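Written below as structure tokens is the structure these notes are about.
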Amino acid sequence: MDAIKNAATQFILTPEYHDLLSIVKGFRNGLVYGAKIRFPHALVMTLLFRRSNFKDMSRFVLKATKQHARNLAFFATIYKTLLIVQRRMHGKERPMDSFLAGLVGGYMVFGENNNVNQQIVLYLFSRIMMGLAKLPVKKNVIAEPAQTFPIFASLVWATVMFLFQNERDVLQPSLQASMQYIYIDSNRWNTLKNFLWHNK
């Protein structure tokens with residue numbers, strides 16, 4: 001048993017296999033991270049907002065978890081593979097290689113418009129916008145403005161509340177459900193029980 005363990009350890013530490021094994025580990029890490037992130041989120045959202053039997057609720061949680069984990073694993077595989085191919089073609093890794101690898105991987109894995117992909121892509125989009133806003137400051141193109149976050153926060157909340165009240169159908173269903181629960185369902189009750197303990 002020790003001999004097998006030693007041989008396996010020697011194999012994974014062999015430099016010429018490093019690129020291949022980094023793809024394998026990227027797949028593994030994408031799978032694990034996707035499951036760790038999606039399972040508790042899907043479970044909580046299902047318990048809070050879905051009214052169904054245990055079997056259907058379990059199926060929904062497992063399906064969302066599987067899709068999130070699989071997508072991150074496949075994206076990591078495609079992305080890392082294309083980075084390695086480009087590096088070997090050009091003899092070094094260039095700044096645009098990551099953009100091209102992300103472009104192809106994003107289209108192939110996240111191009112289907114479904115709830116899980118929407119959530120992942122919108123999460124990334126919001127982080128990208130924050131990063132792009134910080135980039136000119138980092139590059140010393142502009143000085144860091146004062147009091148930008150309060151203005152940003154107020155505009156975000158003003159816009160989402162306007163859309164929720166006037167054009168609700170353009171918002172993502174999970175956001176609509178959350179806002180319905182907080183702002184509309186709180187207008188209705190007829191007993192102490194559904195005022196304090198239950199929503200309806």
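A few notes on this one:
- Accessible-area composition of region 5-140, carbon plus sulfur, in percent [1.4 Å probe]: 67
- In the list [x] 50, 38, 26; [y] 70, 55, 29; [z] 64, 33, 31, the label attached to Cα extents along the principal axes in Å as derived from the coordinates here is [y].
- With each label modelled as a point 7 angstrom along the Cα→C-beta vector, the D2-D169 pair spans 7.2 nm.
- Chain lengthening between Y181 and V141 when straightened (0.36 nm per residue, less Cα-Cα): 10.0 nm
- Over region 85-144, accessible surface divided per residue gives 80 Å², non-protein components excluded, 1.4 Å probe.
- Estimated from the Cβ-Cβ distance and a Förster radius of 22 angstrom, the FRET efficiency linking V104 and L21 is about 0.50.
- Cα-based helix-to-principal-axis angle, 115-138 vs the chain, degrees rounded to 10: 80
- Charged neighbours of F74, selected by a Cβ distance under 14 Å, balance to +3 (K, R count +1; D, E count -1).
The values are calculated or read from the model by the stated rules, or taken from the named source; none is laboratory data. Predicted model only: the values in this text are computed from it and were never measured. Every residue, glycine as well, gets a Cβ built from its backbone with ideal geometry; the counts of neighbours run over all protein chains shown. For the accessible areas, the whole protein counts, side chains as well, though only heavy atoms, and no ligand, DNA or RNA atoms are used. Shrake-Rupley method; radii C 1.70, N 1.55, O 1.52, S 1.80 Å.
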